[in-house]
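Below: the structure, in structure tokens.
The values are calculated or read from the model by the stated rules, or taken from the named source; none is laboratory data. The model shown is predicted, which means the values in this text are computed figures rather than measured ones. Here Cβ is always computed from backbone atoms with ideal geometry, including for glycine, and neighbour counts include all displayed protein chains. All accessible areas refer to the heavy atoms of the entire protein, side chains included, with ligands and DNA or RNA removed. Shrake-Rupley method; radii C 1.70, N 1.55, O 1.52, S 1.80 Å.
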Amino acid sequence: MSLYEPDLDLRVQTWLQGIWRGRGGVTSDFWRLDLVVLIDGRPSGMQDIIGTSFDAYGTAVTFSWLSAELRGRGLGREMRDAALHLCFEGFEAAEASSGAFLDYVGSNRVSQALGYERNGTTWATRRGHPEQMQRWRVTRETWLPARRSDVTMSGVDACGQALSQRP
């Protein structure tokens, strides 16, 4: 899937196909929660949580995207904060990671503000070209002192059971 596909209809179709593929391929070794961000009832972004061998390692990766006209208002931080709450409080993760292209200043600042530590760099493709990304990680121990008390969750146990396929 490419968020950079210029044809909006093709971008949406490709994105939806990726979600449908992911839903059909959930195993205890790999799952991806595709969460939608609604602003005034309008889909405005996405916040995903990806678990690879989560039952064994307790690690998850967060991925987000927010509509350009809504950036710079603190919504990206709210999205990621909620994802971390679900990871650590809901699923009892040990560690969460994220990444952002080096020039994505806002995303990198969100990671820093939420207590992530730099964790090296990696490469990814953007608009058909290789680009370097900053990797970030935050542990449960680092997150706990900054844990928000105003977040509520429901359905987490059932969701966790479906993802880990535990009885």
- N119 vs (1) closer than 29 Å to D40 by Cβ; (2) open to solvent by 50 Å² or more (accessible area, probe 1.4 Å); (3) modelled with pLDDT of 95 or more: all pass except (1)
- Message: Please determine whether any residue of region 124-131 is under 23 Å from D55 (Cβ atoms), open to solvent by less than 60 Å² (accessible area, probe 1.4 Å), under 18 Å from the mean Cα position of the chain (by Cα) and of a type in the set (G, A, S).
- Response: no
- Quick check, is F30 over 25 Å from R126 (Cα atoms) and surrounded by 11 or more Cβ atoms within 10 Å (Cβ to Cβ)? no
- Residue check for A68: out of contact with any helix residue (DSSP H, G or I) (no Cβ under 8 Å at 6 or more places or on another chain) and within 15 Å of C87 (Cα to Cα): no
- Message: Going residue by residue through region 30-44, is there one that turns out to be among the hydrophobic types (A, V, I, L, M, F, W, C), in contact with a strand residue (DSSP E or B) (Cβ under 7 Å, 6 or more places away or on another chain) and within 27 Å of H129 (Cβ to Cβ)?
- Response: no
- Item | Residues of region 20-57 that turn out to be among the hydrophobic types (A, V, I, L, M, F, W, C), more than 14 Å from the chain's Cα centre (by Cα) and more than 13 Å from L163 (Cβ to Cβ), as a count | 4
- Message: For A60, only one of the following conditions fails: (1) crowded, with 19+ Cβ neighbours inside 10 Å; (2) without any contact (Cβ under 8 Å) to a residue 40 or more places away in the chain; (3) within 14 Å of S107 (Cβ to Cβ). What is its number?
- Response: (3)
- Task: Residues being within 27 Å of G99 (Cβ to Cβ), among the charged types (D, E, K, R) and out of contact with any Ser or Thr (no Cβ under 9 Å at 6 or more places or on another chain): count how many of those fall in region 128-167.
- Result: 4
- Item | Of all residues in region 65-102 being touching a strand residue (DSSP E or B) at 6+ places or on another chain (Cβ under 8 Å) and open to solvent by 40 Å² or more (accessible area, probe 1.4 Å), the one that is modelled with the lowest pLDDT | W65
